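**Student:** First, the structure itself, so that you have it in front of you.
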Amino acid sequence: MKRHAALRPVSLPLAVALLALGACSSSDEAPQLMRFRNNSSQPNEFVVVPARPLQTPQDTAALPVPTPGSGNRADQTPVTDAIAALGGSASAATRSGVPASDSALIAYAGRNGSQADIRGTLAEEDVDWRRRNGLSPVGRIVGQNGYYQAYDRMQLDQQAEQERMRAQGVQVPAAPPASLKPE
């Protein structure tokens, strides 16, 4: 009994020191905001898509030349099938580029120029922001989600903005009740 009593005054400060030391550890990896995990050993039923039944064409010489990485005739094409079922052109699913109807919008959006590597630049700036404004050491230890904490200052107060716009005479739709805001 005396042996355990002698360890008590030492064990609490030792545990606190170990937790503090663990919180001070640094990693070169980008801080994770949302932690999505699939802890299930079950298969993902949305990954399995049945193939169409195989059919022998009338003329095998009319078949397209196989291209590595391209689709297979037996593959399902749900987007193309949905477009065709709604009366659209099946080729609309495979179009690439900007439609002619959007060319004026693209020209206006790019009127001040664009940065070729904008995605990489934004990713670097976002990692830097999350490192500076993310979780506290205690939050990292207990595995908190740091998304709302990192971006809290950028969050729009829906009710205040709604009232501001209504005061200016702008018709605005209803905002969710304040009690439903994420914490």
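None of the figures in this text is laboratory data; all of them are computed from the coordinates on show. Just so it is clear, the model here is predicted, and its values are computed rather than measured. Positions of Cβ are generated from backbone atoms using ideal geometry, with glycine treated the same way; all protein chains shown enter the neighbour counts.
**Student:** Dipole of the stretch 116-173 (Lys/Arg Cβ +1, Asp/Glu Cβ -1, origin at the Cα centre): which of 146, 171, 160 lies farthest to the positive side?
**Tutor:** Farthest along the dipole direction, towards plus: 146.
**Student:** Over the stretch 116-173, what relative contact order in percent results from Cα pairs under 8 Å that are six or more residues apart?
**Tutor:** 21
**Student:** With +1 assigned to the C-beta of every Lys and Arg and -1 to the C-beta of every Asp and Glu, and no other charges, what is the dipole magnitude of the stretch 116-173 about the Cα centre in debye, to the nearest 20?
**Tutor:** For this selection, approximately 180 debye.
**Student:** Starting from the stretch 35-119, pick out the trypsin sites (Lys or Arg not before Pro) whose DSSP state is loop and whose Cβ has at most 10 other Cβ atoms within 10 Å.
**Tutor:** 35, 37, 95, 111
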